[in-house]
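Below: one structure, written as structure tokens.
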Amino acid sequence: MDAVTALVIVAHRRLRLRRLLVAIERNPQLLEAIDMNRTIGRPIQLAGFAGRLSRAEKLETELAVTGERYDTVLADIDDQHAALKTHVGSLEATRSALDQVISRMTAGSNGGPNDGSESSSDSSGAAVGQVIEGKAEL
């Protein structure tokens, strides 16, 4: 049984006891119906209740501490999730900006072969991007 389940069970027990006490406060004659003079037939079984009650109180205290720690961790996770959402938004904006830069760079001609031909030529017939070797005359 995990801590949360045990906490819920304890809360239900306390609620039932609270309801019983309220009912007795509203109708004190309910106590008259209970035979208060009954003897307890098993005192040995009752002897262990003091230890059980102290253990239950200790468990209740520990559950409260665990519940507080649990709430703290959940709050931290919520904060980190909010930070991640903000970070993802900025990453998406950066990606969009990079996509626009790349599309602008690839949209226009940069003098290279765009139509599948080997090279482009300028007006003198020399291929653009080709190295022409020879002696220059002065």
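The values are calculated or read from the model by the stated rules, or taken from the named source; none is laboratory data. These figures come from a predicted structure and were not determined experimentally. Glycine also receives a Cβ, built like all others from the backbone with ideal geometry; neighbour counts cover every protein chain displayed. Side chains are part of the model used for accessible areas, which takes the heavy atoms of the whole protein and leaves out ligands, DNA and RNA. Shrake-Rupley method; radii C 1.70, N 1.55, O 1.52, S 1.80 Å.
Structure notes:
- Flag for Gly111 being open to solvent by less than 100 Å² (accessible area, probe 1.4 Å), part of a loop (DSSP other than H, G, I, E, B) and either in contact with a strand residue (DSSP E or B) (Cβ under 9 Å, 6 or more places away or on another chain) or at pLDDT below 80 (or both): yes
- Pairs where the first residue, in region 1-21, is touching a residue at least 12 places away in the same chain (Cβ under 8 Å) and closer than 11 Å to Gly67 by Cα and the second is surrounded by 12 or more Cβ atoms within 10 Å (Cβ to Cβ) and hydroxyl-bearing (Ser, Thr, Tyr), C-beta under 7 Å, 6+ apart: Ala3/Thr66
- Selected residue (criterion: surrounded by the most Cβ atoms within 10 Å (Cβ to Cβ)) from residues of region 66-103 that are closer than 29 Å to Asp2 by Cα and of a type in the set (Val, Ile, Thr): Thr66
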